[in-house]
Amino acid sequence: MDQSQLHAFEARCVQDDPPPCQSMCPIHLDARAFAACMQEGRLAEARRILEKSMPLSGLLARLCHGPCQSHCFRAGVDAAVNLPLLERACVENSKAGRPFALPATNKHPGILGGGLSSLTAAWELARKGHAVTLFHSPEGPGAGLPGFLPRTALNEALEILISLGVTLAPLPPALPDFLQRLRDAFPALYIGQDDPELDPETLGLGPGDLRLNPITGETREAGIFAGGFAPGKNASFMDAAMAGKWAAGSVERFLQGVAPGTAREKDGPYPSRLHTSLDEAAPLPPVLPADALRPTPEEAGREAERCLRCQCLECVKKCVYLQSFGGHPKKYAREMYNTVVTVKGHRQANLLINSCARCGLCAAICPHGADMGEFSAQLRKELVNARYMPPSAHEFALEDMAFSTAPDVAFLRPQPGFAGSAWLFFPGCQLPASLPRETEAVYAHLCRHLPGGVGFFLSCCGAPARWAGQEKQTARTAASLRQQWRAAGEPSLILACASCLAFFRAELPLLPAVSLWETLAGLPLPENRADFTPALALHDPCAARGEAGTRAAVRALLARLDREAEELPLGGATTRCCGYGGLMDAANPPLGAAAARARTEDTDKTLLSYCSMCRDRLRATEALSLHLLTILFPGRTPLAEEALRPAPDISRRQEERLAFRTRLLQKIWKEEPRSPSRQERLMDNLLIADDVARRMDERRILRSDIALVLSREDTTLFTRPDNGRSLACCRPRQVTFWVEYSRCEDGTIRIHDAYCHRMVVPGVPDDPDGPISGLAHLPPAGERCCKDATGCGLQKKT
């Protein structure tokens, strides 16, 4: 990724853009911060904010007519915030701060005129360190200012200018060569045309001598600038101040030898791109002060309360991931880029990069389509390719994918009685692991109603590798799927999983693939359907965000079933993620759990999904959760109990996939199952209490890992004589597993604890193919443990 790509993404995120009240303000006052201070009564701090951008605030705050008000978002609710009221209250009830100027530059611009534009230009140039001389009419500076302005305000402004080093000098009587003298004495001049006492003829100027460049305010003679029109029908005091500020910018550039028109895009008012939602903005009537010229701090505080503090953050409000790191996409993008490109090898932002679910919610909500998922995905790829990605981030998910695509689990068969397949049902790896009965039932339904034969293809699509940024592994998996599809006769694919469908759309776009739900919507309904369904709320999986046909088909099926389901506030194309997508749960389990909880908090009804991982992850939060296939193909268990069924842990998922394969091949294709290995038989004799199983699940330790460690003769380090517990360890891959266990009299093994780490411990066995220890007794699954010396008395887990 190069900087142009970073900048292109940053340009899409408008959170850091100023609100329109600031961008359209001639002096770009930070109205949000100013209003916040006024609301809280922090007048001194509010005055500092005012003086940061407002020239001679004691004057201009009393003269501002509020050009920002016509751009205020609050006007879309009731009425714009009266910012001039706040400005007047601030300067009436606070003292001007001490002005600061840059070091002296030894440059001496001259200013002619005592109007507001000239005073503003003098303030701007003096703060830049220039020694300014301001020539005013004999009546003194302040020509053209209104009579209601307190004389003290003008005196305060003049004192500030003098403290900044501005020299105030009266204009002499008419001298034909006066302007020429000024040209010789000063490197640059500004002529303020808003001073009614300043007569061009006094300066020896003809009618065309003040013709201005509309961009820079420069006259026909280089170094002489003019601007500022007397307030009237088409001009205001703010216009005069802006003219002086703009001219000061031109003079400053001229003195530095830079073209006066350089980089002026945001010097004056410009449109803001900031988006601010008004959905939650409550009406609040404007404050009418007793004295409009001298509002009280209390009146200003109530008016400031009406400010919306405009910002976007639309994606952050709705995304748990974006909330959890305390920033917004533009800030995150810079942190990610610096980690991957600038500070190579240092992993400050790896968790930030790996935690994104890549669900697309941010892009769906953002008014400019900023997609944090695609941005982080590109950086994941670069981390992987540069070998900076730590293996711990996604290793278990990739190992689980390898398990699902291994020959002992994956298979492809045509429908019995058919030589080939017109259709190929691809349930994915998670549906058979979570809902094996329903997977078998929907396959039978497809076989009954689709002509030409429906093959069955059990495997993993490769989404985990794609999510992990593993481009080579993704390409290999896609190539293998394409090869197997061609060997099956290039049938039309029916995909049950939305993530699988998204993978095929991205990596295998030429393969004919359709959602299972669109297929079912065009077929007769199953005859045996659930008669009673609890109150439901429909959760769309995030992978179906871009699949309008899939979402419509699900709703059509529910209508045909005469089942109503509440549409959640964030549903359809703006649905939430359950925390599984993008391997969020693998890289950041607490965040994955928080994402699931955020979804369940949207409703108190039973959540209905058509993604097995969504169903299980929502159920893991203790919320009631059902899969649509369970309603279409109910079993003997009532739906109310099905909604309470626990989500399978990581070990159970792998074991269910293997058992599903064995059962389906034996039942439908009449293939004899292979004999279980000794390691698999050992798994049937492990006694694991619920709290230990929970810790194993959190640590990504499988029962098969435990069995592998205990199947070796050389892995047990010692046995404690006081309680008979042994400690064994083994490093079969990049992880060292430790198991604390004890043997029961009947040959079963009770697991007391298990943990793992990535350190290499000298002497720990690392060859997974060592000798298998002989077990005196391997009872069949389901037999109760004996009452041994420790009195475990547990039912064996199968």
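The values are calculated or read from the model by the stated rules, or taken from the named source; none is laboratory data. For clarity, every value in this text was computed on a predicted model and none was experimentally measured. Because the Cβ atoms are built from the backbone with ideal geometry, glycine has one as well, and the counts that use them run over all protein chains shown. These area figures cover heavy atoms from the full protein model, side chains too; ligands, DNA and RNA do not enter into them. Shrake-Rupley method; radii C 1.70, N 1.55, O 1.52, S 1.80 Å.
Tell me, what HN-Hα J-couplings in whole Hz come from the Karplus equation 6.51 cos²θ - 1.76 cosθ + 1.60 at θ = phi - 60° for each residue of segment 478-493, using x for Gly and Pro?
4, 5, 5, 5, 5, 5, 5, 5, 5, 5, 7, x, 6, x, 6, 8
As a test of reading the structure, rank Tyr741, Tyr388 by solvent-accessible area (1.4 Å probe, protein chains only), most first.
Solvent-accessible surface, decreasing: Tyr388, Tyr741.
Kindly report, to the nearest 10 Å², the accessible surface of Glu197 as traced by a 1.4 Å probe over protein heavy atoms only.
In the full protein context, Glu197 sits at about 100 Å².
Which length gain, in nm to one decimal place, applies between Arg699 and Ile215 when the Cα-Cα distance is subtracted from 0.36 nm times their residue separation? Don't skip to the end; give the middle numbers.
Values: separation 484, 0.36 × 484 = 174.24 nm, distance 6.53 nm.
Length difference between fully extended and current span is 167.7 nm.
Going by the alpha-carbon gyration tensor, a ≥ b ≥ c the square roots of its eigenvalues, is segment 1-151 rounded (a/c under 1.5) or, if a/c is not under 1.5, prolate (a/b greater than b/c) versus oblate?
Cα axes put segment 1-151 in the oblate bin.
Hey, can you rank 400-413, 704-717, 111-124, 672-685 by average C-beta count inside 10 Å, highest first?
The peptides rank, most packed first, as 111-124, 704-717, 400-413, 672-685.
Could you sort out which of Lys317/Lys605; Lys245/Lys317; Lys266/Lys318; Lys52/Lys330 sit more than 29 Å apart by Cα distance in this structure?
Among Lys317/Lys605; Lys245/Lys317; Lys266/Lys318; Lys52/Lys330, the Cα-Cα distance tops 29 Å for Lys245/Lys317; Lys266/Lys318.
Principal axis lengths of segment 485-542 from Cα atoms, whole Å, largest first?
Largest first, segment 485-542 extends 43, 27, 15 Å along its Cα principal axes.
Inverting the mean 1/r over all pairs of different Cα atoms, compute the Kirkwood radius of the chain and quote it in Å.
Result for the chain, one decimal place: 32.2 Å.
Dimensions of segment 678-776 along principal axes (Cα, Å, largest first)?
34, 30, 29
Taking H placed 1.01 Å from N in the peptide plane, check which residues at least 5 places from Leu607 or on another chain put their amide H under 5 Å from its amide H.
Those qualifying (amide H under 5 Å, at least 5 residues apart or on another chain) are Ala537, Leu624, Ser625, Leu626.
Over the residues of segment 314-389, compute the C-alpha Rg and express it relative to 2.2 N^0.38 Å.
Output field value: 1.05.
Per DSSP H run of n ≥ 4, the term is -39500 (n - 2.57); total these for the chain, divide by its residue number, and report the mean residue ellipticity at 222 nm rounded to 500 deg cm²/dmol.
One gets -11000 deg cm²/dmol as the mean residue ellipticity at 222 nm.
Angle, helix 650-667 long axis vs. longest principal axis of the chain, Cα atoms, 0 to 90°, nearest 10?
50
Once the mean 1/r over all distinct Cα pairs of segment 536-648 is inverted, what Kirkwood radius in angstroms do you read off?
Answer for segment 536-648: a Kirkwood hydrodynamic radius of 14.1 Å.
Could you please state how large a percent of the accessible area of segment 314-389 is carbon and sulfur, counting protein chains only and using a 1.4 Å probe?
So the carbon and sulfur contribution to the accessible surface is 49 percent.
Report the gain in length on full extension from Glu713 to Arg529: 0.36 nm times residue separation, minus Cα-Cα distance, nm rounded to one decimal.
61.0 nm
Give the distance, in whole Å, between the Cα centre of segment 406-427 and the Cα centre of segment 434-472.
10
On a straight-distance basis, which aspartates and glutamates could pair with Lys381 in a cross-link, Cα separation under 19 angstrom, same-chain partners fewer than 8 positions away excluded?
Asp2, Glu335, Asp371, Glu395, Glu399, Glu471, Glu507, Asp585
Tell me which residues come under 5 Å, amide H to amide H, from Lys128 once H is placed; ignore anything under 5 positions away on its chain.
For Lys128, the qualifying residues are Leu102.
List the residues whose amide H sits under 5 Å from the amide H of Cys730, counting only those 5 or more places along or on another chain, with H placed 1.01 Å from N in the peptide plane.
Residues meeting the amide H criterion: Phe737.
Any idea how far the Cα center of segment 503-525 sits from the one of segment 1-64, in Å?
Their Cα centres are 51 Å away from one another.
Describe numerically, in nm with one decimal, the distance between label points set 7 Å from Cα along Cα→Cβ at Arg48 and at Ala101.
2.3
Compute the angle between helix 436-449 and the longest alpha-carbon principal axis of the chain, please, reported from 0 to 90 degrees and rounded to the nearest 10.
The answer is roughly 90 degrees.
Where in segment 70-95 does the label zone of Leu293 land, with the point 7 angstrom along Cα→C-beta and an amide N cut-off under 19 Å?
Label zone hits: 84-94.
Please state the shape class of segment 110-255: rounded when a/c is under 1.5, otherwise prolate if a/b exceeds b/c and oblate if not, all from the C-alpha gyration tensor.
It is rounded, given that a/c, with a ≥ b ≥ c, falls under 1.5.
Place a point 7 Å from Cα of Ser392 in the direction of its Cβ. Which residues in segment 585-628 have their backbone N less than 17 Å from it?
585-592
Against the longest principal axis of the chain, how steep is helix 548-560, in degrees 0 to 90 to the nearest 10, with axes from Cα atoms?
So the helix axis and the longest Cα principal axis differ by about 60 degrees.
Any aspartates and glutamates with Cα under 16 Å of the Lys107 Cα? List them, leaving off those in the same chain fewer than 8 positions away.
Counting by Cα, and skipping residues close in sequence, Lys107 has these aspartates and glutamates nearby: Glu124, Asp184, Glu252.
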